[in-house]
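Undergrad: My structure is below; once you've seen it, I'll send some questions.
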Number of protein chains: 2
Amino acid sequence: MDRTTFKKRLDRCCSLMKDAGLDALLLTKPANMFYLTGDGRLCAFAIITRGGRVALGVPRTDVEDAGWFAHFDHIAGFDDEVGMIHAIAHYFKEFGVTQGSLGLEYSFLTQSMMTMLTHPHAKPDGVTPTDCTPLMSALRIVKDDCEIDLIRHAAKAADAGMAAAVKAVKPGVTESAVAAEAERAMRLEGADGFWKTYVSAGERTGIAHGLPTQRKITPGDLVMIDLHPVVNAYSADLCRTVCEGSSSVEQEKAYEVYLDAQQATIEKIKAGVTVKDIEETFRGMLNMAGHGEHLFGPLIHGVGIEFEEAPLPAGHAFFHGEKAPEALKENTVIAVGNCGLYLGPWGVRVEDTVVVTRDGHMVLTNFPRQLLLEL
Amino acid sequence: MDRTTFKKRLDRCCSLMKDAGLDALLLTKPANMFYLTGDGRLCAFAIITRGGRVALGVPRTDVEDAGWFAHFDHIAGFDDEVGMIHAIAHYFKEFGVTQGSLGLEYSFLTQSMMTMLTHPHAKPDGVTPTDCTPLMSALRIVKDDCEIDLIRHAAKAADAGMAAAVKAVKPGVTESAVAAEAERAMRLEGADGFWKTYVSAGERTGIAHGLPTQRKITPGDLVMIDLHPVVNAYSADLCRTVCEGSSSVEQEKAYEVYLDAQQATIEKIKAGVTVKDIEETFRGMLNMAGHGEHLFGPLIHGVGIEFEEAPLPAGHAFFHGEKAPEALKENTVIAVGNCGLYLGPWGVRVEDTVVVTRDGHMVLTNFPRQLLLEL
């Protein structure tokens, strides 16, 4: 990503700020800072004015390093929280922002961080905070080709992680050990890191968020594996369910129902279709098969710098500070299969990362979709 | 941890709530929920009344699973955010909490979550939110023997992770690949997961938060490795810096200065000593050696369910919603060496997890402290 990419992003940001009546943004969320400046380090801030001026604040130790990655007009190093507050105040003055509307990340900032960033020593009295979550999502929701390439690379790392995880599934192996092999393989395939890895086995596949434990896999267990590698700041999302040994007829039937619904949903994806439409296809098929009571959470969400970002289905979006999603646009990336069938004694789930194209879609995650392991 | 442990914790919680004038707590932070109920799953809540009544809300799919781990009087499953809000409202009614003071986790809740939990359909009008961060920290700051054992196990996992990481340090190996070996070894040593792993090499050891990248190690590089495994919900914190090949005299000198300061600080630790005192010992020795300008962030913090928790040094604590720390008590656990010497072209850091005892201290992380690798 070159200077032109960031210049374009900044121009679009300024245009959206004008539309939203925002005079400045004060960002601390790494994903948003990365998108607009090229650097999303921890414990840092970016101020962006409607006129397109960009100021960064980073730990004093990091000024030179940030200079290698970030695009900005001004940079300041600070020593601690008090220094950060003073640096923010300094830029408000420097940029002549003494009143108006200031965009803050309400879906990211804790109460404590909010208090700090709006401290009277930081923010001028006349400046009123408002939520910039929808603006940042509007900016990031359509990916450029370079972003798609990075998500494709992340999807490749996810496939490699899944291959290593599935290979590790054996009686006596812990959920955590399966996660270990997946994470290692993703890093060796180019991931700089990953969001939480989920691995659950047996009865634990029946819960909504199966983080790995020391539970050992036993013969006949279903094993659910959900991976989210990060490659050059971009993520992918991949989930598979496999069976150690022989599955029951009931498990195979549920798996088939789920996979059919997921695949039919993916088939519907193209520019112009709404998230509501495809969620209804997915949910409708599961309901029809009698699984309406076995779901929890949204079936679909966006993928990008974050593995879970806009677009989110309307109800979910509302509680996460997002606007209800518009019709899907070309080059939006979504994960299909975020929620499984949770049947109590076990559950099944299949999730893929999919790019919306003008006439259809492109599935980026390719690990085979099958319950039974081929040995 | 048996029922008695959680009964005792709840009794102490109720006593602190009385002192603080709190009528109920509404918790969603996994670490706090785990401490008081034995279960800290994602996307769940706990309401705790001053009278010691405990209600849980979890995804509908998770009601049975939560029943295996959690201690509570009531449990409800919900379908989505609206269901969660209604479940909260139901418990307020059930417990007769219609007015008074409600403790919420201000250092954890985003603006969006705050809006959801205090939605008029959830929280009765007469109930006023206030921050319960200091109360929860006061509860958790002194560990019982069972907690110390778990932190000791986590420290053992950290040592195993460090051994694997250091073994992986070779020219041509990426920072991310070093992290992979550490993470895998920690999981195989009993970790269910870990907080962010930091691995930085060469010039990247000079920045404050060196997350791993695809940068390859080259001969003569310093490599800084910071690990935070989680074993049965408890964490440890371990950092080492090693040199690939031959270090410079300047690097050796800085390392010695840092290690001397860290060890002298650890020597001072015992019940009754203040965090301020030991921070001043550490910082004082680094300042004296001319490194006052090479620091960023607090040198010391607490360790427990979270790898970074109370006690925090006073200034840092203020901005994280914590009270300034009291004198250290027996069975508080702290990490010593949270901030390194960041010298620009490189940095050095050594961090250990230490239990405060009545007459001194006990260092839980034991990986050798030496810059040069023994091959």
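The values are calculated or read from the model by the stated rules, or taken from the named source; none is laboratory data. As the structure is a prediction and not an experimental result, all values here were calculated from the model. Neighbour counts are summed over all protein chains in view; Cβ atoms, including those assigned to glycine, are modelled from backbone coordinates with ideal geometry.
Undergrad: Considering region A:326-338 alone, what residues qualify as being over 14 Å from A:Leu139 (Cβ atoms) and within 15 Å of the chain's Cα centre (by Cα)? It would help to see each step written out before you state the result.
TA: To start, the set of residues in region A:326-338 that are over 14 Å from A:Leu139 (Cβ atoms) comprises A:327-328, A:330, A:333-338.
Across region A:326-338, the qualifying residues are A:Val333, A:Ile334, A:Ala335, A:Val336, A:Gly337, A:Asn338.
Undergrad: Follow-up question, since we're still on this one. Check whether at least one residue in region B:206-217 is surrounded by 21 or more Cβ atoms within 10 Å (Cβ to Cβ), of a type in the set (Val, Ile, Thr), free of Cβ contacts under 8 Å to residues at least 60 places away in the same chain and more than 8 Å from chain A (Cβ to nearest Cβ), and report yes or no.
TA: Scanning region B:206-217 turns up at least one residue that is surrounded by 21 or more Cβ atoms within 10 Å (Cβ to Cβ), of a type in the set (Val, Ile, Thr), free of Cβ contacts under 8 Å to residues at least 60 places away in the same chain and more than 8 Å from chain A (Cβ to nearest Cβ).
Undergrad: Another question about this same structure. Exactly one condition in (1) surrounded by fewer than 24 Cβ atoms within 10 Å (Cβ to Cβ); (2) in contact (Cβ under 8 Å) with a residue 12 or more places away in the chain; (3) closer than 19 Å to B:Leu299 by Cα is false for B:Arg358; which is it?
TA: Answer for B:Arg358: the failing condition is (3).
Undergrad: Does A:Glu183 fit the bill of being surrounded by fewer than 22 Cβ atoms within 10 Å (Cβ to Cβ) and either touching a strand residue (DSSP E or B) at 6+ places or on another chain (Cβ under 8 Å) or within 19 Å of A:His294 (Cα to Cα) (or both)?
TA: On the way: surrounded by fewer than 22 Cβ atoms within 10 Å (Cβ to Cβ): no; either touching a strand residue (DSSP E or B) at 6+ places or on another chain (Cβ under 8 Å) or within 19 Å of A:His294 (Cα to Cα) (or both): yes.
Taking the combined requirement at face value, the residue does not satisfy it.
Undergrad: Within the bounds of region A:236-250, is there any residue that is in the same structural domain as A:Val173 (by TED's automatic domain parsing), β-branched (Val, Ile, Thr), crowded, with 21+ Cβ neighbours inside 10 Å and in a helix (DSSP H, G or I)?
TA: No: zero hits.
Undergrad: Given the conditions (1) hydrophobic (A, V, I, L, M, F, W, C); (2) over 22 Å from the mean Cα position of the chain (by Cα); (3) within 13 Å of chain B (Cβ to nearest Cβ), and given that A:Val249 satisfies all but one, which numbered condition is not satisfied?
TA: Of the numbered conditions (1) hydrophobic (A, V, I, L, M, F, W, C); (2) over 22 Å from the mean Cα position of the chain (by Cα); (3) within 13 Å of chain B (Cβ to nearest Cβ), the odd one out for A:Val249 is (3).
Undergrad: Do you know which residues across region B:319-348 are farther than 27 Å from B:Leu104 by Cα and either touching a Lys or Arg at 6+ places or on another chain (Cβ under 8 Å) or not assigned by TED's automatic domain parsing to the domain that holds B:Thr281 (or both)?
TA: B:Glu330, B:Gly337, B:Cys339, B:Gly340, B:Leu341
Undergrad: Of the residues A:Gly304, A:Gly297, A:Gly337, A:Gly292, which single one is farther than 16 Å from A:Lys276 by Cα and in contact (Cβ under 8 Å) with a residue 12 or more places away in the chain?
TA: Numbers: A:Gly297 fails: farther than 16 Å from A:Lys276 by Cα; A:Gly337 fails: farther than 16 Å from A:Lys276 by Cα; A:Gly292 fails: in contact (Cβ under 8 Å) with a residue 12 or more places away in the chain.
Answer to the check: A:Gly304.
Conditions (1) at pLDDT 95 or above; (2) over 28 Å from B:Gly77 (Cβ atoms); (3) within 14 Å of chain B (Cβ to nearest Cβ), marked per residue:
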{"residue": "A:Glu147", "(1), (2), (3)": "yes, yes, no"}
{"residue": "A:Leu150", "(1), (2), (3)": "yes, yes, yes"}
{"residue": "A:Ala155", "(1), (2), (3)": "yes, yes, no"}
{"residue": "A:Ala168", "(1), (2), (3)": "yes, yes, yes"}
{"residue": "A:Arg187", "(1), (2), (3)": "yes, yes, yes"}
{"residue": "A:Gly193", "(1), (2), (3)": "yes, yes, yes"}
{"residue": "A:Val223", "(1), (2), (3)": "yes, no, no"}
{"residue": "A:Pro229", "(1), (2), (3)": "yes, yes, yes"}
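Undergrad: Identify all residues within region A:28-44 that are among the hydrophobic types (A, V, I, L, M, F, W, C) and under 12 Å from A:Ala70 (Cβ atoms); write none if there are none. Break it down stepwise before answering.
TA: First, the residues of region A:28-44 that are among the hydrophobic types (A, V, I, L, M, F, W, C): A:31, A:33-34, A:36, A:42-44.
Correct list: A:Met33, A:Phe34, A:Leu36, A:Ala44.
Undergrad: Got a number for residues in region A:252-302 being hydrophobic (A, V, I, L, M, F, W, C) and in a strand (DSSP E or B)? If you could, list the steps in order and put the result at the bottom.
TA: At the first step, the residues of region A:252-302 found to be hydrophobic (A, V, I, L, M, F, W, C) are A:254, A:257, A:259, A:261, A:264, A:266, A:269, A:271, A:273, A:275, A:278, A:282, A:285-286, A:288-289, A:295-296, A:299-300.
If we keep only those that are in a strand (DSSP E or B) too, we end up with A:300.
The number of residues fulfilling the criteria is 1.
Each row is one residue, and each column tells you yes or no for (1) within 27 Å of B:Lys167 (Cβ to Cβ); (2) part of a strand (DSSP E or B); (3) touching a strand residue (DSSP E or B) at 6+ places or on another chain (Cβ under 7 Å).
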site	(1), (2), (3)
B:Pro311	no, no, yes
B:Lys323	no, no, no
B:Glu326	no, no, no
B:Ala335	yes, yes, yes
B:Asn338	yes, no, yes
B:Thr353	yes, yes, yes
B:Phe367	yes, no, yes
B:Gln370	yes, no, no
